[in-house]
Amino acid sequence: MQPTNRSQRILQPVKLWYLYLSLIVAFALTLIPTGHLPGVPDWLALVLAFWSVREPLRVGLGTGFAFGLLVDVGHGAALGQHALAYVLLTYGANALSRRVLWFSPLEQALHILPLLLLMHVVMVVVRMLAGADFPGWWYFTGSFTAALLWVPLHFVLLFPQFRPVERDDNRPI
Amino acid sequence: MSLIGHNTPPIFKRGPAPTVRLLLYVSAALVLLVTDLKFRYLEFMRQTVAVVLYPVERAAATPADLVLNAATYFATLAKVQQENALLRRQQLRMSEQLMRHQQLAQENSRLRTLLGMRDELPARSVAADVLYAAHDPFTRKVILDRGSTHGIAKGDAVVDERGVIGQVTRLHPIQAEVTLLTDKEQAIPIVVRRNGLRGVVFGAGAGQLELRYLPATADVQPGDSLVTSGLDGLYLPGLPVAKVLRVDRDTQAFARIFCVPVGGVEQSTHVLVMGRLSTPLPPMGGDGDKDS
């Protein structure tokens, strides 16, 4: 891999099964019934944004659209609402991918936060055009928690790629 | 692509430009949104996906169940015994009411035959558990663990032990989506129990309901109880819905009447889905018009 980011290490290529497994786990996390608890992050949006930044050739608009439809059914939302939001999110994250990787994880999170906020604004606009009530400002707090989670998530999701190529019995990992 | 007879090497093939793909996907999403919100054509697709998602949803609901049930699990024996005694007393009271109800029902049907009226329509009911509250923050909905395979029909009333809490608005084979009374889009026809005045109650947000379109002079007082009228052909008549909280008469031509639901609209976990066995309405269309 070419050194396009600050990391001094050369990471191993991502495993496709791990990428999709993380997306499916994030999808299951979004289905946890938290009701109308404020500040619950949209896990799937976060993981989608992460892989769209890291692997823009593998995860893109199509993945966002497909998972968005699944979320729409799972949440009982209007069909296409999350699909539209995730398509815009993955497009933005794909476009940012060349730039964002030069920054530290915390600064990356600051780049992702406007995308997550935009995603929520799009969903609010769509539903309010269809006649729903404004859900309240707490609705947007989820994107701030999600942006904070970017930093730990960065290490969790990249963990398999940090492994060295050849196994060494004297080294712990 | 084949400018001088060569194909593009696959290393440069990335499909259409990102902007083109964005436009394609956004328009696809917008088409889906309009067909779903305006025309409701996509229920079949939704049902299919919902059945596939069912195991994932059940798995995801487990941690929430654990948190909710932990309190019950660690309850002491004394508490359970107390609750048992309470339930026994309640059952005794109910069975007394039930005996009287049976006698009254018999008397009612005898009187109806004497008067030559049609018998009341038989009702059916299915007990169900609330799986979870729907995540969508724009609506007030809960998901039940029973669906069309258990005999639930679209439009059925959902009641708890105190009164109506909502209506089945979307039906999957093994799940049902219930729109709660407090949802902005939900309306329910009622009568005021005290004087038989008819009206329609709408969800007003913040756990309240509003009885709309009654003139400012209408005879409604705070404390009046509202029950279903059954005129819609969906709800059984006489189910308690709400209590009038306050009446604002000095606004416009219409009184603003705020009510609170009687049932535990956003709290109940065990509910009963009640519907009619057959619809009492005459068929719509030409025949109905000729009769009237």
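The values are calculated or read from the model by the stated rules, or taken from the named source; none is laboratory data. Keep in mind the model is a prediction, meaning the values are calculated, not measured. Note: ideal-geometry Cβ built from the backbone for every residue, glycine included; neighbour counts use all protein chains shown.
Screening the candidates B:Arg146, B:Arg140, B:Arg124 for the property of being among the basic types (Lys, Arg) and within 14 Å of another protein chain (Cβ to nearest Cβ) yields one hit, B:Arg140.
Of the residues contained in the stretch A:143-161, one or more are found to be of a type outside the set (Asp, Glu), surrounded by 16 or more Cβ atoms within 10 Å (Cβ to Cβ) and free of Cβ contacts under 8 Å to residues at least 40 places away in the same chain. In this entry, B:Pro16 passes the filter for residues that are surrounded by 10 or more Cβ atoms within 10 Å (Cβ to Cβ) and not in a helix (DSSP H, G or I).
Please specify each residue of the stretch A:13-46 satisfying the condition of being over 21 Å from A:Gly136 (Cβ atoms) and assigned to a loop (DSSP other than H, G, I, E, B). Answer for the stretch A:13-46, where residues must be over 21 Å from A:Gly136 (Cβ atoms) and assigned to a loop (DSSP other than H, G, I, E, B): A:Pro13, A:Val14, A:Lys15, A:Leu31. Could you tell me whether any residue of the stretch B:87-109 is touching a residue at least 24 places away in the same chain (Cβ under 8 Å) and surrounded by 10 or more Cβ atoms within 10 Å (Cβ to Cβ)? Taking every residue of the stretch B:87-109 in turn, none turns out to be touching a residue at least 24 places away in the same chain (Cβ under 8 Å) and surrounded by 10 or more Cβ atoms within 10 Å (Cβ to Cβ). Restricting the search to strands (runs of 3 or more DSSP E) fully inside the stretch B:122-203 and requiring at least 3 residues that are among the hydrophobic types (A, V, I, L, M, F, W, C) and under 25 Å from B:Asp65 (Cβ atoms) gives B:123-133, B:141-144, B:164-171, B:176-180. Considered as a group, the residues in the stretch A:35-46 that are more than 7 Å from every other protein chain (Cβ to nearest Cβ) and surrounded by fewer than 24 Cβ atoms within 10 Å (Cβ to Cβ) include one that is nearest to A:Gly64 (Cα to Cα), and that residue is A:Trp43.
Just checking, does the stretch A:74-81 include any residue being of a type in the set (A, V, I, L, M) and more than 7 Å from chain B (Cβ to nearest Cβ)?
From the stretch A:74-81, those of a type in the set (A, V, I, L, M) are A:77-79; that's our starting set.
With the extra rule that they be more than 7 Å from chain B (Cβ to nearest Cβ), the set shrinks to none.
The answer is no; no qualifying residue exists.
Here is a check on your reading of the model: is B:Thr217 touching a strand residue (DSSP E or B) at 6+ places or on another chain (Cβ under 6 Å) and assigned to a loop (DSSP other than H, G, I, E, B)?
Taking the combined requirement at face value, the residue does not satisfy it.
This table checks each residue for (1) closer than 29 Å to B:Lys154 by Cβ; (2) at pLDDT below 85.
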site	(1), (2)
B:Pro55	yes, no
B:Ala64	yes, yes
B:Phe74	no, yes
B:Glu83	no, no
B:Glu96	no, no
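The numbered conditions (1) away from chain B (no Cβ under 14 Å); (2) aromatic (Phe, Trp, Tyr); (3) buried (at least 18 other Cβ atoms within 10 Å of the Cβ) are all true for A:Phe103 except (3).
Has the stretch B:15-36 got at least one residue that is within 9 Å of chain A (Cβ to nearest Cβ), within 22 Å of the chain's Cα centre (by Cα) and free of Cβ contacts under 8 Å to residues at least 60 places away in the same chain? The answer is yes; a qualifying residue exists. Scan the stretch B:239-251 and give yes if some residue there is in contact (Cβ under 8 Å) with a residue 40 or more places away in the chain, surrounded by fewer than 17 Cβ atoms within 10 Å (Cβ to Cβ) and farther than 20 Å from B:Met274 by Cα, otherwise no. Within the stretch B:239-251 (the criterion being in contact (Cβ under 8 Å) with a residue 40 or more places away in the chain, surrounded by fewer than 17 Cβ atoms within 10 Å (Cβ to Cβ) and farther than 20 Å from B:Met274 by Cα), the answer is no, since none of the residues qualifies. Checking each residue in the stretch B:132-151 for being within 18 Å of B:Val164 (Cα to Cα) and either of a type in the set (A, V, I, L, M) or not assigned by TED's automatic domain parsing to the domain that holds B:Ala206 (or both) picks out B:Ala133, B:Val142, B:Ile143, B:Leu144.
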